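The values are calculated or read from the model by the stated rules, or taken from the named source; none is laboratory data. All values reported here derive from a predicted model rather than from experimental measurement. Here the Cβ positions follow ideal geometry from the backbone for every residue, glycine too, while neighbour counts run over all protein chains shown. Accessible surface is based on the protein model in full, side chains and every heavy atom, while ligands, DNA and RNA are left aside. Shrake-Rupley method; radii C 1.70, N 1.55, O 1.52, S 1.80 Å.
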Amino acid sequence: MTYVKQHHVNRLVDRPNTYVLSENGDGTVQIVPAWNVIAGTPVNDTRLNHMEDGIEGAHLLVEKSERRITRLEAYLDIDNRGVSGAQARFADTYDGQTDPVLQLDQTKTYSLDEIAANASAVTVQVASVTGLSVGQEVTIASSAGVEDQQIAAIDTVDQTVTFPSVQYSHPKGALIARTTMEMDTENQRFQIGSWATYSVTISEA
């Protein structure tokens with residue numbers, strides 16, 4: 001909420017520093033001001049809390065701006081370090097904020113069939129092509145090995161992706177991901193994500 005500035009006026013009285021002694025009847029006296037206030041802004045909890053709220057709001061805004069500046073500096077620093085097909089840039093300052101520009105692309109899917117190694121184009125049926133696009137680099141990971149390949153084509157109807165080649169023969173369920181890294185926000189570091197493929201045999205008794 002926008003802070004509303006308050007205007008304060010110095011106190012002005014008609015007879016400054018003038019007091020009356022009032023007997024209490026028990027041997028004590030009260031010193032009572034003998035002036036009338038002509039002008040002035042009262043100092044009370046409403047006005048003081050208004051100022052405190054404004055100070056807190058300004059500090060929060062500065063902290064948010066500093067975090068944003070840090071992310072922008074990271075953006076500029078890595079802007080020209082992009083690898084063809086890879087995500088050009090991402091950064092996380094572990095401040096609890098999600099940056100709309102510098103988010104790590106964690107799009108993942110998996111193969112629905114075995115992937116045969118081939119030096120020429122290979123089309124793979126996947127669980128979903130959502131979040132993937134032609135030209136992106138993805139990691140194919142399975143028990144057979146880990147390799148990086150660039151997406152040559154995508155079929156959104158048949159849910160397939162095509163690679164120019166595949167180095168390893170991957171089993172069904174191979175991970176296909178923009179990154180296999182995960183962010184450990186508690187320890188403020190990147191770590192290798194977990195993945196695995198499984199073989200299930202069902203036999204009739």
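Assorted remarks:
- Filter pass, Gln191 being at pLDDT below 95, closer than 30 Å to Leu60 by Cβ, touching a strand residue (DSSP E or B) at 6+ places or on another chain (Cβ under 9 Å) and open to solvent by 50 Å² or more (accessible area, probe 1.4 Å): no
- Of the residues screened, Val161 is one that is over 15 Å from Thr179 (Cα atoms), in a strand (DSSP E or B) and either hydrophobic (A, V, I, L, M, F, W, C) or touching a helix residue (DSSP H, G or I) at 6+ places or on another chain (Cβ under 6 Å) (or both).
- When region 1-37 is limited to residues that are small (Gly, Ala, Ser) and assigned to a loop (DSSP other than H, G, I, E, B), the one that is nearest to Glu52 (Cα to Cα) turns out to be Ala34.
- Long-range neighbours under 8 Å by Cβ, at least six apart or interchain, first residue farther than 15 Å from His8 by Cα within region 28-54, second acidic (Asp, Glu) and open to solvent by less than 90 Å² (accessible area, probe 1.4 Å): Trp35/Asp14; Asn36/Asp14
- The residues in region 106-132 that are open to solvent by 40 Å² or more (accessible area, probe 1.4 Å) and aliphatic (A, V, I, L, M) can be counted, and the count is 6.
- First in region 143-172 and closer than 17 Å to Thr107 by Cα, second anywhere and open to solvent by 30 Å² or more (accessible area, probe 1.4 Å) and among the β-branched types (Val, Ile, Thr), Cβ under 6 Å, 6 or more apart: Ile151/Val134; Ile154/Val134; Thr160/Thr123; Val161/Ile154; Thr162/Thr123
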